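Reading through the structure tokens given below for one structure.
The values are calculated or read from the model by the stated rules, or taken from the named source; none is laboratory data. Worth saying up front: this structure is predicted, and the values here are computed from it rather than measured. Cβ atoms come from the backbone with ideal geometry, glycine included; neighbour counts cover every protein chain shown.
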Amino acid sequence: MAQHPEIPLSVSSPVTKNPWQALRQLTSARIALGRAGTSLPTQAQLEFQLAHAAARDAVHQSLAIELLAKQIRALGLPLLQLHSAASDRQSYLQRPDLGRQLDAASAQQLEHYAQQHTNQNYDLALVIADGLSALAVERHALPVLKLIQERCGSEGWSLSPIALVEQGRVAIADDIGQRLKARMSVILLGERPGLSSPDSLGLYFTYNPQIGCTDAQRNCISNIRQDGLSYPLTVHRLLGLIREADRRQCSGVTLKDDTQLPQLSTSGHHKNFLLP
Amino acid sequence: MSGYTQTLAGQRWHFKDLKEVMAKASPLRSGDQLAGIAAQTDVERVAAQMTLAELPLNTFLHQALIPYEQDEVTRLILDTHNAAAFAPVSHLTVGDFRNWLLCEQADEASLKALASGLTPEMVAAVSKLMRVQDLVLVAQKIRVVTQFRNTLGLRGHLATRLQPNHPTDDPAGIAASLLDGLLYGNGDAVIGINPATDNPSAIRDLLDMLDAIRQRYQIPTQSCVLTHITTTLQAIEQGAPVDLVFQSIAGTEAANASFGVNLALLQEGYEAGLSLKRGTLGQNLMYFETGQGSALSANAHHGLDQQSCEARAYAVARQFKPLLVNSVVGFIGPEYLYNGKQIIRAGLEDHFCAKLLGVPMGCDICYTNHAEADQDDMDTLLTLLGTAGVNFIMGVPGADDIMLNYQSTSFHDALYLRQLLGLAPAPEFADWLAQQEILQQQGQRLTLSQSLPKLFAPALNH
């Protein structure tokens with residue numbers, strides 16, 4: 001192919017790279033992306049689009065419920081498969097009120113179960129719901145559940161059957177906890193997917209779960225995933241919350257977790273290079 | 001029969017009260033549908049808009065949408081209303097107020113003088129009759145200028161909040177994003193971190209770090225750690241270097257209570273901030289965030305539509321002479337603003353209403369991954385708000401906030417608006433960028449440094 005005589009053989013790239021790319025080791029934030037003019041270069045642009053597509057898929061992917069149910073039963077835990085009043089994803093996304101309550105069949109199933117087990121007193125109702133990321137639940141719910149099972153076993157706390165809920169939001173654990181007459185509830189569910197974290201799991205803890213509890217009565221442990229909060233630290237913090245809630249007979253904003261946060265926030269921190 | 005009626009093509013529409021007229025006149029959004037107060041059909045919506053257009057503007061001075069006795073925000077709005085400032089438009093209907101705003105006599109000076117005569121309900125009402133181009137055209141007439149260590153809101157300028165969040169507040173991770181932002185010319189509105197925890201000692205560490213960086217590199221801007229106002233008050237008591245006092249606010253007393261605040265507490269925070277006398281050019285030091293849907297989400301909306309609730313939050317904001325206010329428009333999710341179309345309209349309404357009320361409005365142009373929105377929608381809102389004269393936008397590395405898990409605007413996005421519309425950073429900050437050979441801007445021509453600016457070379461090379 002003929003070369004245009006005025007164009008040198010090695011044309012420099014139209015992208016201006018940033019000389020501070022080494023800083024990318026310090027954060028997963030999208031820094032030092034370079035620029036085309038002052039705009040985002042093609043490669044960074046396409047990487048963003050890919051991440052957004054993956055996060056969108058995570059929102060709309062449905063939970064592989066049978067597989068998870070099988071895995072939970074394999075842990076030797078009884079299981080209740082439930083569904084919220086939100087019939088599908090569309091309704092789930094637009095009607096948070098429906099995602100917070102059980103559908104009629106599930107409510108009946110739970111009532112029936114409770115009637116057959118009237119002598120059971122549960123310390124902890126355990127709920128797993130798809131939330132906004134089925135991917136998060138598929139990746140992280142089982143290992144966290146396993147650790148909770150072990151630790152609660154050694155503390156002598158009794159666990160309810162695992163309630164596995166489709167199209168569920170956080171407050172559905174109030175409904176379930178109340179019907180099972182559990183002293184406390186824990187729900188694991190997929191958080192809203194971030195671009196760089198489509199699989200982040202959240203945990204919410206409520207003392208004396210009742211329909212109508214507000215978010216101020218819950219404690220949240222979030223960002224449970226590979227590059228976020230580890231499973232052992234998650235369960236360590238949960239046990240701290242349970243003990244403190246047990247002692248003070250409440251959960252939520254009044255339960256400050258002053259003791260555990262410094263441990264979390266300073267672990268593995270790097271020195272700030274901008275300061276001496 | 002009480003209430004309001006409108007007959008269209010032989011069909012009679014009835015609205016039982018002013019609140020219902022306002023809700024049904026609102027352009028469609030999922031939050032009003034969720035609350036069960038949205039118009040059922042498009043024709044019903046227009047019937048409500050026609051009803052609203054015929055109402056005298058002063059209706060809102062006589063009929064409180066949320067009762068005076070029940071709500072301190074209503075009391076604030078009515079008790080601080082400036083009748084003299086209202087006089088030029090007091091004879092108009094809502095419909096004619098729209099006409100008036102679009103005419104020449106509504107200019108920068110007359111709109112500035114009018115601000116304290118307007119109530120949030122009046123501006124919310126007129127916005128419901130406006131198209132996107134009206135919201136842009138009227139808002140761009142208005143400038144709300146504020147100062148702390150630099151000057152924000154001047155015509156021909158656009159500022160950015162540099163938002164270097166990190167999921168575990170790692171100092172080096174924050175510093176990396178912060179430096180990236182500065183080198184892309186961002187950070188004049190504020191360098192503001194959303195902390196991963198509200199642990200008081202961690203907050204103190206972040207405040208100390210941001211202040212040390214600002215002083216070491218002599219950056220003419222202000223810093224903020226966006227934590228609850230009670231935590232900031234505690235930090236101030238302990239001698240922490242607090243520039244801006246942050247709080248999320250909403251438009252009803254009950255919604256503010258769900259945030260753990262009230263007017264007295266905001267006043268206490270404001271006074272504590274003032275007592276530090278840290279502003280060099282001015283003492284605007286409050287930073288508020290708002291967003292449509294927050295009142296409904298706290299079940300604290302009193303049956304009022306989400307856009308009217310939002311506008312009422314600006315009355316709360318202006319009471320404390322803030323440096324910065326922004327709606328975090330798409331953060332709340334699709335239950336309240338379902339898709340790009342709803343987010344775009346809401347962002348423009350929020351900016352318009354706040355500016356008419358004299359509030360220094362910016363916008364967190366953003367969306368979550370469960371909303372039906374994408375980068376094209378954000379570019380549309382960004383471009384529209386740029387032309388509407390928005391005070392500031394966010395600067396997040398690559399538009400991806402790795403702590404809050406949502407997409408906002410990037411450092412590059414700000415440069416796009418600068419280039420497209422010739423909008424410069426705050427003058428003091430622009431001078432610093434030029435002196436440090438980071439960014440030189442002449443109109444629409446931007447020159448960014450190819451190499452590492454001298455100021456930061458030592459930090460990166462050791």
* Asked: Can you find even one residue in segment A:59-68 that is surrounded by 16 or more Cβ atoms within 10 Å (Cβ to Cβ), modelled with pLDDT of 95 or more and out of contact with any Cys (no Cβ under 9 Å at 6 or more places or on another chain)?
  -> yes
* Candidates B:G273, B:G173, B:G260, B:G291 - the one that is within 10 Å of another protein chain (Cβ to nearest Cβ) and buried (at least 24 other Cβ atoms within 10 Å of the Cβ) -> B:G173
* To do: Kindly establish whether B:L266 is modelled with pLDDT of 95 or more and either touching a Gly at 6+ places or on another chain (Cβ under 9 Å) or not assigned by TED's automatic domain parsing to the domain that holds B:E428 (or both).
  => no
* Asked: Does A:I31 meet the test of being in a loop (DSSP other than H, G, I, E, B) and β-branched (V, I, T)?
  -> yes
* Test B:L65 against the stated conditions and say whether it is touching a residue at least 60 places away in the same chain (Cβ under 8 Å) and in a loop (DSSP other than H, G, I, E, B). => yes
* Failed condition for A:I187, given (1) within 22 Å of B:P334 (Cβ to Cβ); (2) within 14 Å of chain B (Cβ to nearest Cβ); (3) among the aliphatic types (A, V, I, L, M) -> (2)
* In this structure, does A:R139 turn out to be modelled with pLDDT of 95 or more and touching a Lys or Arg at 6+ places or on another chain (Cβ under 7 Å)? -> no
* Structure fact -> Flagged in segment B:320-339 as in a loop (DSSP other than H, G, I, E, B) and touching a helix residue (DSSP H, G or I) at 6+ places or on another chain (Cβ under 6 Å), in numbering order, are B:F320, B:V329, B:G330, B:P334, B:E335, B:Y336, B:L337, B:Y338
* Look at B:A53 and say whether it is aliphatic (A, V, I, L, M) and either closer than 21 Å to B:G251 by Cα or part of a loop (DSSP other than H, G, I, E, B) (or both). => no
* Asked: Which residues, counting only those in segment A:53-68, are among the aliphatic types (A, V, I, L, M), assigned to a helix (DSSP H, G or I) and either touching an Asp or Glu at 6+ places or on another chain (Cβ under 7 Å) or more than 7 Å from chain B (Cβ to nearest Cβ) (or both)?
  -> A:A53, A:A54, A:A58, A:I65, A:L67, A:L68
* Unique residue being in a helix (DSSP H, G or I) and within 14 Å of chain A (Cβ to nearest Cβ) when the list is B:Q307, B:Q342 -> B:Q342
* Asked: Somewhere in segment B:358-368, is a residue closer than 21 Å to A:P198 by Cβ, within 14 Å of chain A (Cβ to nearest Cβ) and free of Cβ contacts under 8 Å to residues at least 40 places away in the same chain?
  -> yes
* Asked: Of the conditions (1) within 14 Å of another protein chain (Cβ to nearest Cβ); (2) surrounded by 18 or more Cβ atoms within 10 Å (Cβ to Cβ); (3) in contact (Cβ under 8 Å) with a residue 24 or more places away in the chain; (4) not small (G, A, S), A:H83 fails just one. Which one is it?
  -> (1)
* Structure fact -> Looking across segment B:221-237 at residues that are under 15 Å from B:R149 (Cα atoms) and part of a loop (DSSP other than H, G, I, E, B), the single one that is nearest to the other protein chains (Cβ to nearest Cβ) is B:T221
* Since B:V316 meets every condition but one in (1) β-branched (V, I, T); (2) assigned to a loop (DSSP other than H, G, I, E, B); (3) in contact with a Ser or Thr (Cβ under 9 Å, 6 or more places away or on another chain), which condition does it not meet? -> (2)
* **segment B:401-414: number of residues that are at pLDDT 95 or above and surrounded by fewer than 24 Cβ atoms within 10 Å (Cβ to Cβ)** => 0
* **Sole exception among (1) farther than 16 Å from A:P198 by Cα; (2) hydrophobic (A, V, I, L, M, F, W, C); (3) part of a loop (DSSP other than H, G, I, E, B); (4) facing chain B (nearest Cβ under 8 Å) for A:A22, by number** => (3)
* Would you confirm whether any residue within segment A:114-126 is modelled with pLDDT of 95 or more, among the charged types (D, E, K, R) and closer than 22 Å to A:R237 by Cα? => yes
* To do: Kindly indicate which of B:G273, B:G260, B:G279, B:G251 is modelled with pLDDT under 95 and not in a strand (DSSP E or B).
  => B:G260
* Asked: Scanning for something among the aliphatic types (A, V, I, L, M) and under 30 Å from B:Q436 (Cβ atoms), does segment B:132-146 turn up at least one residue?
  -> yes
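One line per residue, one yes/no per condition, for (1) within 21 Å of A:R183 (Cβ to Cβ); (2) among the polar types (S, T, N, Q); (3) in a helix (DSSP H, G or I):
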{"position": "A:A51", "(1), (2), (3)": "no, no, yes"}
{"position": "A:Q71", "(1), (2), (3)": "no, yes, yes"}
{"position": "A:Y92", "(1), (2), (3)": "no, no, yes"}
{"position": "A:S106", "(1), (2), (3)": "no, yes, yes"}
{"position": "A:T118", "(1), (2), (3)": "yes, yes, no"}
{"position": "A:R139", "(1), (2), (3)": "no, no, yes"}
{"position": "A:V144", "(1), (2), (3)": "yes, no, yes"}
{"position": "A:I162", "(1), (2), (3)": "yes, no, no"}
* **Selection within segment B:415-453 - surrounded by fewer than 19 Cβ atoms within 10 Å (Cβ to Cβ) and small (G, A, S)** => B:G422, B:A434, B:G443, B:S449, B:S451
* Structure fact -> Scanning segment B:393-416 residue by residue, the ones that are on the phi < 0 side of the Ramachandran plot and at the interface with another protein chain (Cβ under 10 Å from one of its Cβ atoms) total 16
* Options B:L158, B:L178; residue that is closer than 18 Å to B:I213 by Cβ and within 14 Å of chain A (Cβ to nearest Cβ) -> B:L178
* Structure fact -> By my count, strands (runs of 3 or more DSSP E) wholly in segment B:363-462 with at least 2 residues that are under 18 Å from the mean Cα position of the chain (by Cα) and not charged (D, E, K, R) are B:392-395
* Asked: Can you tell me how many residues in segment B:173-220 are in contact with a Lys or Arg (Cβ under 6 Å, 6 or more places away or on another chain) and in a loop (DSSP other than H, G, I, E, B)?
  -> 2
